[in-house]
Amino acid sequence: MTRYENYPAWIVIVANALSLAIYSIGSIVVVRLGLQWLLIYLAFILVLELRLLGKSCVHCYYYGKRCAFGKGKLCSLFFKKGEAPERFYNKKITWKELIPEMLVPFTPIIIGIILLINQFEWLLLLFIFVLFLLTSAGNGFVRSALACRYCKQQEVGCPASNFFLKKDS
């Protein structure tokens with residue numbers, strides 16, 4: 001199996017375009033509640049991204065390199081390399097731990113559904129549908145076909161690959 005030392009730029013672009021699309025569509029839905037709710041939503045996304053960089057990316061093989069999401073290089077600009085990578089390798093990801101990340105797309109979906117019940121709009125329905133597709137099929141494709149499949153971190157152990165990839169028997 002081919003593993004990338006540095007991911008091709010096109011994969012980083014696709015992966016980040018997906019995230020930005022999810023964040024943007026979510027923002028379009030959330031701002032319907034008011035600017036203050038949009039700012040809270042965007043702050044929540046920023047906190048999650050910083051948490052990922054500071055708690056996980058600092059221990060990853062791709063620290064200082066171009067991972068599928070471009071976060072290895074970004075992380076090295078803001079955080080020093082982790083000193084306990086075994087905590088990362090041995091970490092088990094559970095659905096409970098993913099709840100904060102799942103709130104990013106599902107909060108706007110729930111808000112959108114509530115807004116649709118109050119006043120139906122085709123455009124809002126389209127946003128909710130596209131957000132759901134990007135979150136489910138889009139994320140599934142990026143993680144399984146582009147990111148985890150070619151990741152060198154798997155060779156030493158990665159909790160995300162155990163969670164997102166089906167193992168060959």
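The values are calculated or read from the model by the stated rules, or taken from the named source; none is laboratory data. This structure is a prediction, so every number in the text was calculated from the model and none was measured. All Cβ positions, glycine included, derive from the backbone under ideal geometry; neighbour counts span all protein chains shown. With ligands, DNA and RNA removed, areas are computed over all heavy atoms of the protein, side chains included. Shrake-Rupley method; radii C 1.70, N 1.55, O 1.52, S 1.80 Å.
Applying a 4.7 Å Cβ-Cβ cutoff to the chain, the cysteines left without a disulfide-compatible partner are C60, C67, C148, C151, C158. When the solvent-accessible area of the chain is split by element, carbon and sulfur atoms take up 68 percent of it, the probe being 1.4 Å. If I take R0 = 30 Å and measure r between the Cβ atoms of A17 and E86 in this structure, what FRET efficiency does the formula 1/(1 + (r/R0)^6) give, to the nearest 0.05? Once the sixth-power term is evaluated, E becomes 0.35. Site pair F44 and I117 shows an inter-label distance of 1.8 nm when each label is modelled 7 Å from Cα along Cα→Cβ.
What's log10 of I(q)/I(0) for the chain at q = 0.13, 0.17 Å⁻¹, Debye sum over Cα points only, no solvent? The Cα Debye sum returns log10 ratios of -0.69, -1.09. Here the extension length gained between S24 and F78 equals 17.0 nm, from 0.36 nm per residue of separation less the Cα-Cα distance. If the chain linking R32 and F106 were pulled fully straight, counting 0.36 nm for each residue of separation and taking away their Cα-Cα distance, it would gain 25.1 nm. Simple point charges give the picture: +1 on the Cβ of Lys and Arg, -1 on the Cβ of Asp and Glu, and for the chain a dipole about the Cα centre of about 520 debye.
Restricting to DSSP loop positions (anything but H, G, I, E, B) with no more than 10 other Cβ atoms inside 10 Å of their own Cβ, which chymotrypsin sites (Phe, Trp or Tyr not before Pro) remain in segment 81-131? When the chymotrypsin sites (Phe, Trp or Tyr not before Pro) of segment 81-131 are filtered for loop state and at most 10 Cβ neighbours within 10 Å, W95, F120 remain.
Net length available on complete extension from L98 to F129 is 9.0 nm, with 0.36 nm assigned per residue and the Cα-Cα distance removed.
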